[in-house]
Amino acid sequence: MRVHVFVAGLIIAGCISSLTLGQSSHSNPWAPTEGGPLPPIASLTDGVWLKGDLHVHSRHSKDSSNNPEAKIISFSESVGMDYLCISDHDNHVGGDVAHYTWTDPEFKSNSVLLLYGAEWTTTRGHGTAISARPYDHQRLYDVRDQRDVVIGAVKKELGIHLSANHPSGKDHFGFSYDMVDSIEVWNSAVWAKNANAIMIWDDMLSSGRKLTGRGGSDSHHGTPDTPEQATKNSYQRKANYVGTPTTWVFAKARTLQSVVDTLTNGRVSVSANPYAPRVGFYADLDQDGKMDVMMGDNAKSTGKPVNFRVQLAGNTVSGASYTVRVVKDGNLFSSLKATGGKTTMVEFTDTPAVSVRTYYRVEVEGPPTAYPQVPDSMALSGNMVGLSNPIYFNFDPNF
Ligand SMILES: [Zn+2]
Ligand SMILES: [Zn+2]
């Protein structure tokens, strides 16, 4: 016993002496500084909420079944999706024009904005390239085994939004997060398997990376036209399909470019399905009762208390209890209750430290919302209603 106490004492003494040493003789050139002014906050009202799915496989992916693009697109139209990214696996590289997702005559819709995307499928994991216009995916594919700085430069030249897919588990994203603009923090209807993805996201946010969290169903399988066409995976159609989960973006306009820009700027939330409530997250910086920023925005802290508001829009259950978990800098800050009603809302106050990088984000649990077109998804998402992107303070816009 005495020996243990002695050893612990030595360790503590060691920590103190190295801390003291560090403070006296070293100044970290990379330490956050006061920094200049931040870009102005965009309007909180001048825009439109658009919903969609960013990770869907059609028949042009070899691991998909019974899922022609026409089937995916007409389904998306029928459930009111505003945008869609069909993200087949590098299918149109190496001259394989027969499996070119975007030149398929079925790649068209009158109501759904169709993004140009592909799942970048590499030895070190998967990402989704997302673009408002056709780009040369062959170049991204060719550079996949090079150093990350080289890949990052090609990505920049292509002008695409690159997103890390299912970052933990099989085909985890084994690249630097410095070359991506967003991360798939909610993959498929099975919410519970995303815990590690959320942990990675919090690590990236806590280290100063302003990285948007997004969802993606990663659905592969459609309804067979005849019983003979059924595969061992056909059951998935009723459990995980377009919209499980649904990613909401507050776009400046109903255009492809606005959707991509919003995915980058982070005015984004994710809901269990297209009919589940949408999570809104706002803050009043000067206590005048008027909200000044929303999720994705980056503001300077003033040392005065900030009033935060979490609001659920859409189909909440009247009288039901919703749990709002507030995460501050990667740790649970508080757990609040909101009651479903005409306005389902809860507020909290905190004072983010002056000149210190801080972020707040929320996760909401409550009664599941039925999604009759994908009936088995409800059980897989459980009580998870939705999550917000962070509201940021003092993040370096030039990081
Ligand atoms: Zn994948
Ligand atoms: Zn996929």
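No lab work stands behind these numbers, since they all come straight from the coordinates. Worth saying up front: this structure is predicted, and the values here are computed from it rather than measured. Counting neighbours? That spans all protein chains shown, and the Cβs are built from the backbone with ideal geometry, glycine included.
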Practice task
Provide the percentage of antiparallel DSSP beta bridges, counting only those with both residues in the chain; round to the nearest 5.
Solution key: 75 percent
Exercise for the section: For the range 97-186, give the magnitude of the charge dipole about the Cα centre (Cβ charges: +1 Lys/Arg, -1 Asp/Glu; no others), in debye to the nearest 20. Expected result: 80 debye
Completion exercise
Listing W248, W49, W30 by rising number of other beta-carbon atoms within 10 angstrom, fewest first, gives W30, W49, W248
Exercise for the section: Between K108 and S168, take the C-beta separation as r, use R0 = 35 Å, and let me know the FRET efficiency to the nearest 0.05. Expected result: 0.50
Practice task
Specify which residue in the list L38, V56, I73 is farthest towards the positive end of the charge dipole of the chain, using unit charges on the beta carbon of Lys, Arg (+1) and Asp, Glu (-1), about the Cα centre.
Solution key: L38
Exercise for the section: Considering the options A189, Y235, V143, tell which one lies farthest towards the positive end of the dipole of the range 129-273, charges being +1 on Lys and Arg and -1 on Asp and Glu at the Cβ, about the Cα centre. Expected result: A189
Fill in the blank from the handout: In units of 2.2 N^0.38 Å, the Cα radius of gyration of the range 139-264 is 1.21
Problem - Flagged links, alpha-carbon separation over 31 Å, of K62/K210; K170/K328; K51/K156; K210/K232; K193/K300; K62/K193 - result: K62/K210; K210/K232; K193/K300
Handout entry: Nearest-ten-degree value, helix 69-78 long axis tilted from longest Cα axis of the chain
Key = 70 degrees
Handout entry: Dipole magnitude (debye, nearest 20) for the range 169-316, charges at Cβ of Lys, Arg, Asp, Glu
Key = 240 debye
Exercise for the section: Rank the residues D136, D202 as a footprinting-exposure proxy: fewest other Cβ atoms within 10 Å of their Cβ go first. Expected result: D136, D202
Exercise for the section: Can you tell me which of 67-75, 366-374 comes out highest on packing, and rank the rest after it, using the mean Cβ neighbours within 10 Å? Expected result: 67-75, 366-374
Problem - When the convex hull of its Cα atoms is projected in every direction, mean area for the chain (nm²) - result: 24.6 nm²
Completion exercise
Other residues with Cβ under 12 Å from the Cβ of D297 give, with Lys and Arg +1 and Asp and Glu -1, a net charge of +2
Exercise for the section: Could you state the angle between the C-alpha long axis of helix 256-265 and the longest principal axis of the C-alpha atoms of the chain, as a value from 0 to 90 degrees rounded to the nearest 10? Expected result: 20 degrees
Handout entry: Residue-count net charge about N66 - beta-carbon cut-off 10 Å; Lys, Arg +1, Asp, Glu -1
Key = +2
Fill in the blank from the handout: Pseudo-spin-label distance D288 to S176, built 7 Å along Cα→Cβ, given in nm, is 4.2 nm
Handout entry: CD proxy at 222 nm, helix term only [per DSSP H run n ≥ 4: -39500 (n - 2.57); per residue of the chain; nearest 500]
Key = -6000 deg cm²/dmol
Exercise for the section: Could you pull out which residues in the range 334-354 have an amide N less than 19 Å from a spot 7 Å beyond the Cα of L44, following the Cα-Cβ vector? Expected result: 343-352
Practice task
Mind jotting down the distance between the C-alpha centroids of the range 269-303 and the range 33-75, whole Å?
Solution key: 19 Å
Problem - Whole-Å semi-axes of the range 281-367's equivalent ellipsoid (Cα gyration tensor) - result: 24, 14, 10
Handout entry: Charge dipole (the chain, unit charges on Cβ, about Cα centre) - positive-most of I130, G213, Y100
Key = G213
Fill in the blank from the handout: Checking R59, R147, R133 against a Gaussian network model of the chain (alpha-carbon springs below 10 Å), the top fluctuating residue turns out to be R147
Exercise for the section: Please compute the net charge surrounding N383, taking Lys and Arg as +1 and Asp and Glu as -1 over other residues with Cβ under 12 Å from its Cβ. Expected result: -1
Handout entry: About the Cα centre, charge dipole magnitude for the range 86-150 (Lys/Arg +1, Asp/Glu -1 at Cβ), debye
Key = 220 debye
